[in-house]
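Take a look at the structure below.
The values are calculated or read from the model by the stated rules, or taken from the named source; none is laboratory data. Not measured: the values here are computed from a predicted model. Using ideal geometry, Cβ is built from the backbone for each residue, glycine included, and neighbour counts are taken over all protein chains shown. Side chains are part of the model used for accessible areas, which takes the heavy atoms of the whole protein and leaves out ligands, DNA and RNA. Shrake-Rupley method; radii C 1.70, N 1.55, O 1.52, S 1.80 Å.
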Amino acid sequence: MFDWKWDFAFEILPRLLWATLNTLMAAGAGYAIAVVLGLVLALAQRTPIRALTAVVREAVEFIRSTPLVLQIFFVFYVGPQFGLRLSPWTAGMIAIGLHYAAYLSEVYRGGIESVPKGQWEACTALSLSTRDTYARIIIPQALPPALAGMGNYLVGIFKDTPMLSVIGVAELMHTANAIGSEHYRFLEPITMVGVIFLMISLPAAGLVRLFETWVRRKLGMIR
């Protein structure tokens, strides 16, 4: 039978709110890593060094083709065998960052390839260096088309943070399971976690769309 206890729900709410803060921090840190590393991976696939391009491309495909939870386990449990001893928090951030960097690299690649060929030819005609070509001409034009994908993966990272509970990171799902085990009641904590995720994910997705529209309007891409 449905036996919801409001007094218990209000009692555990502060713990879940604190865990929500940890979850947001985890998502933010993982996304920051993914944004930077994803761009590096995208550019590394466009170098004239074919061996480097091939290695990076295969690495990206490998990461995208394996589950995030497996990568979390690998970084945390297998890493120490190679001298990489990390706290659960650090290991989780690195795993999430690497996983989503592989996806964001494809988003960046699509944005870069959408830049008209004439822009590349103009950079060559002006004898711009590779660094100036990307930093001043190509990337500023590649980012607007990539914003939608980047925003979707930000929301995706937030929704994937419960996987960090498998290595003991005190995010929302880990805290909810701990509360349920302590009080032998899972209805309230698990339901509240679902509501919290919904209350954050839906507005975040809307803000991403608004930001994308604002950027496109500022750049004159839409009126």
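Listed by first and then second residue, the pairs with beta-carbon distance under 8 Å, at least 6 apart or on different chains, first residue in region 120-131 and touching a residue at least 60 places away in the same chain (Cβ under 8 Å), second surrounded by 10 or more Cβ atoms within 10 Å (Cβ to Cβ) and not charged (D, E, K, R), form an empty list.
Scanning region 21-40 turns up at least one residue that is over 30 Å from Leu198 (Cα atoms) and either open to solvent by 50 Å² or more (accessible area, probe 1.4 Å) or at pLDDT 90 or above (or both). Of the residues in region 90-103, none is open to solvent by 40 Å² or more (accessible area, probe 1.4 Å), farther than 20 Å from Val36 by Cβ and polar (S, T, N, Q).
In region 100-139, which residues are assigned to a loop (DSSP other than H, G, I, E, B) and of a type outside the set (A, V, I, L, M)? Matches in region 100-139: Ser114, Pro116, Ser127, Ser129.
Between Val195, Val166, the distinction of being surrounded by 13 or more Cβ atoms within 10 Å (Cβ to Cβ) and either of a type in the set (S, T, N, Q) or part of a helix (DSSP H, G or I) (or both) belongs to Val166 only. Report whether or not Trp18 is open to solvent by 40 Å² or more (accessible area, probe 1.4 Å) and touching a Leu at 6+ places or on another chain (Cβ under 7 Å). So Trp18 fails the test. You will find that of Thr161, Thr90, Thr124, the residue that is of a type in the set (S, T, N, Q) and over 30 Å from Arg15 (Cα atoms) is Thr124 and no other. Residues that are under 26 Å from Ala148 (Cβ atoms) and among the aromatic types (Phe, Trp, Tyr) are absent from region 79-93 altogether.
Please go through region 66-81 and pick out each residue that is part of a helix (DSSP H, G or I) and either open to solvent by 90 Å² or more (accessible area, probe 1.4 Å) or closer than 19 Å to Pro162 by Cα (or both).
Step one: of region 66-81, the residues part of a helix (DSSP H, G or I) are 68-81.
Leu68, Val69, Leu70, Gln71, Ile72, Phe73, Phe74, Val75, Phe76, Tyr77, Gln81, listed by residue number.
When Ile190, Ile196, Ile222 are checked against the criterion of being aliphatic (A, V, I, L, M), within 19 Å of the chain's Cα centre (by Cα) and either under 30 Å from Pro144 (Cβ atoms) or modelled with pLDDT of 90 or more (or both), a single residue qualifies: Ile196. Scanning region 143-163 for residues that are of a type in the set (Val, Ile, Thr) and open to solvent by 10 Å² or more (accessible area, probe 1.4 Å) returns a single hit, Val155. Cβ separations smaller than 8 Å between residues 6+ apart or across chains give the following pairs from region 82-108 residues that are farther than 11 Å from Tyr153 by Cβ to residues that are of a type outside the set (A, V, I, L, M, F, W, C) and open to solvent by 20 Å² or more (accessible area, probe 1.4 Å): Pro88/Gly168; Ala95/Gln71; Gly97/Tyr31; Leu98/Gln71.
Scanning region 169-187 for residues that are more than 17 Å from Gly30 (Cα to Cα) and open to solvent by less than 40 Å² (accessible area, probe 1.4 Å) yields a total of 5. So Leu84 passes all but one of these: (1) open to solvent by 50 Å² or more (accessible area, probe 1.4 Å); (2) assigned to a helix (DSSP H, G or I). Which condition number does it fail? Of the numbered conditions (1) open to solvent by 50 Å² or more (accessible area, probe 1.4 Å); (2) assigned to a helix (DSSP H, G or I), the odd one out for Leu84 is (2). In region 180-189 there is at least one residue matching the filter, namely being touching a Gly at 6+ places or on another chain (Cβ under 6 Å), farther than 29 Å from Arg109 by Cα, touching a residue at least 60 places away in the same chain (Cβ under 8 Å) and in a helix (DSSP H, G or I).
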